[in-house]
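None of the figures in this text is laboratory data; all of them are computed from the coordinates on show. Source: prediction; values computed, not measured. Cβ placement follows ideal geometry from the backbone for every residue including glycine, while neighbour counts extend to all protein chains displayed.
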Amino acid sequence: MDKTWVWLPRNSLEYEEGAIKFVCDSVRSLGNPSAMFCPCIDCRNVCHQCSETVLEHLVIRGMDHKYKRSRCWSKHDEIRDAKTNDVQTSEHEAYDLIRTAFTANEFKHTT
Ligand SMILES: [Zn+2]
C-alpha cells in the first residue's frame, strides 16, 4: 500500500487522492464492510466509521501519528509477512498433493 501521501499537506490534491485510494483499497480488501476502523487522530483505529466518514476524517483531521509511522497498516488488511504466509501455503498444498498421490497408490495395491 502506498503510504507517501500521508506526509503531504492535507489541503493538497495529492493527499486527497491518496486518502481516497487508501479508503477504496481498504474497503476492497476488507470485503466491502459497512464500517471499518478509522485511522484519524481522533478515532485512532478504535472507532468504526463508514468509508465516507473515514475519508472525511483523514482529510479534515489527518491520520493518527502512530499509525502514520507504522510500517504495516494491519487494521486495513495489510499482512505483515505476506511472503512467509505464501511459502507456508504452497508447502502445505504440496504436502497434500503428495499425500493424496501416496494414499491413492496404496489403495491400488490393496485391491
Ligand atoms: Zn475518524
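Please compute the net charge surrounding residue 67, taking Lys and Arg as +1 and Asp and Glu as -1 over other residues with Cβ under 9 Å from its Cβ.
Around residue 67, the surrounding residues sum to +4.
Where nothing but the Cβ of Lys and Arg (+1) and of Asp and Glu (-1) is charged, how large is the charge dipole of the stretch 4-79 around its Cα centre, in debye to the nearest 20?
Details: 10 positive and 10 negative charges, 70 e Å.
My answer is approximately 340 debye.
Calculate one ³J(HN,Hα) per residue across the stretch 57-65 by plugging θ = phi - 60° into the Karplus curve 6.51 cos²θ - 1.76 cosθ + 1.60, and present them in order as whole Hz with x for glycine and proline.
4, 5, 7, 7, 9, x, 7, 4, 4
For the charge dipole of the stretch 4-79, defined by +1 on Lys and Arg C-beta atoms and -1 on Asp and Glu C-beta atoms about the Cα centroid, which residue among 37, 13, 24 has the Cα displaced farthest towards the positive pole?
37
Any chance you could run the full-extension gain for residue 100 through residue 14? It's 0.36 nm times the residue separation minus the Cα-Cα distance, nm to one decimal.
Extra length available between residue 100 and residue 14 comes to 25.7 nm.
Rg over Rh of the stretch 1-42, using C-alpha atoms and the Kirkwood radius, what does it come to?
0.99
Whole-Hz Karplus ³J(HN,Hα) for the stretch 23-35, in order, using 6.51 cos²θ - 1.76 cosθ + 1.60 and θ = phi - 60°, x for Gly and Pro?
Couplings: 5, 4, 4, 5, 4, 5, 6, 8, x, 6, x, 6, 9 Hz.
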